[in-house]
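Just below is one structure, and these are the notes that go with it.
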Amino acid sequence: MMYGLKSTGSFILMMSICSAALSQNPAIQEPGPNMALKTADGREIIWADPHDEPFDLAGFAWIEKDTVYRRLPLVPAWDIRAEVDELANHTAGGQTRFKTDSRKIWIKAELRGPSGMYHMPATGQSGFDLYQLQGQGYRYIKTARFSPDTTAYEAEMFSQDEKKMNQFILNFPLYNGVKAVEVGLESGALVEAPPAFSHEGKIVIYGTSITQGGCVSRPGMAYSNILSRMLDVEFINLGFSGNGRGEPELARLICQIPDIRLIILDYEANANETIHQTLGSFIDILRETFAEVPVLVVSKIRYATATEGSPAYDLLIRNRDFQKSLVLQRNNEGDKNLFFLDGSSFLGEDYDECTVDGSHPSDLGSHRIAAALLTAIEDIMRYRTFRNKLYENLKENSAHDKN
């Protein structure tokens, strides 16, 4: 959908309407819904807020109510641990999507804190990266450049000679909070809303630092963002570094998210000793609200220390087999929308080469996780569609028989 300036059919970022109007009202406001325009700065750049139409924000399930870049409600209905509450301010999985014919794109960001992780680049922790739709898929363009110790920066993200309409995804930082961000475009550029995602609804992933994106080099390499591009569907990343422990409060918060088409549970890495006690009850809470929504249980990836015969390997296999058996048991009891995927095989034979520090995936490891999940998600979506069609046919046949 596009928002118009008069009858143009597009929103136009204008440096000026006329000099008299600017002198009387320096903050010109166009008649489009929720779009407050600012005048161009000295470089003829218009700075736009991604909260405003026609920009589309994805990955923040509570943003319409709370208006802040946060992955859980500002005031959760259930008490959550302080560590989870703080990590919810990290913007992993957040995106803004838009179309523009601007020949240049900038961003201006204010962060909650500086960078400084020893095993993760500042570009992944605190940076934004930009993707452009090219042909049938999105291609990486650029990552923001900034000083790691800064909490505010401006960066040029895109430049081309020709003025033509392009479609973009701007991915938010993975391990830092964003107080504010603005997208800079050339004065006079057109801005349009992006098309809706190809698939309706949201895929929610609950997990650990691995889910949150530790320790990839830039935001677009987090496996939830890779999958979002591959499938063209909105993902809600609820990975909480060191704190994905299967608490019932988090299951209840997931139940508040509307329009979920799939839930993925990938939290074993933070619950090695407790997943036997938490997984079943977590699923039970989800089923109170989402009786038919598919739930995919994913066991932990293989760490570098999990050589065959080691205690780490034995624990990996023991927890994997428990999760698989729980899913099979629930299937036999009638829950046919519960699925299991063996994460221990995701990284392949050279699993030890796929992490930054022995446990957190590198870009290579994250890509392999996404590839394995992609196949499973596509199969589940096809299965779900088949079941829905079968159910509709049964209802039609039943109604016909009654007549």
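In a simple Cβ point-charge model (Lys, Arg +1; Asp, Glu -1; nothing else charged), the chain has a dipole of about 580 debye relative to its Cα centre. Here segment 202-390 carries DSSP beta bridges of which approximately 5% are antiparallel, counting only pairs with both residues inside. Among L238, L190, sorting on how many other beta-carbon atoms sit within 10 Å of each Cβ, with the fewest leading, yields L190, L238.
For the chain, the longest principal axis of the alpha carbon atoms and the long axis of helix 311-332 meet at an angle near 90°. Please figure out what share of the DSSP beta bridges in the chain is antiparallel and state it in percent, rounded to the nearest 5. If I count the DSSP bridges inside the chain, around 70 percent turn out antiparallel.
Computed from the Cβ-Cβ distance with R0 of 30 Å, the FRET efficiency linking I317 to D284 stands at 0.75. Each label was represented as a point 7 Å from its Cα along the Cα-to-Cβ direction; for E249 and K336 these points are 3.8 nm apart.
Match the structure shown to one of the listed values (1) 176; (2) 158; (3) 146 of volume of the Cα convex hull per residue in Å³, computed from it, and give that label. Read-out from the structure maps to (1). Computing FRET efficiency as 1/(1 + (r/R0)^6) for E273 and A152, where r is the C-beta to C-beta distance and R0 is 45 Å, gives about 0.60. Global dimensions of segment 96-173 from alpha-carbon coordinates: Rg and Dmax equal 13.5, 41 Å.
Counting only DSSP H runs of at least 4 residues, each contributing -39500 (n - 2.57), and dividing by the residue count of the chain, the helix-based mean residue ellipticity at 222 nm comes to -9000 deg cm²/dmol. The stretch between A82 and Y118, if pulled fully straight at 0.36 nm per residue, gains 10.6 nm over its current Cα-Cα span.
All of the numbers you see were taken from the coordinates with simple rules; none came from a lab. This one's a predicted model, so the numbers in the text were calculated from it and none came from an experiment. FYI the Cβ positions are ideal-geometry reconstructions off the backbone, even for glycines, and counts take in every protein chain you see.
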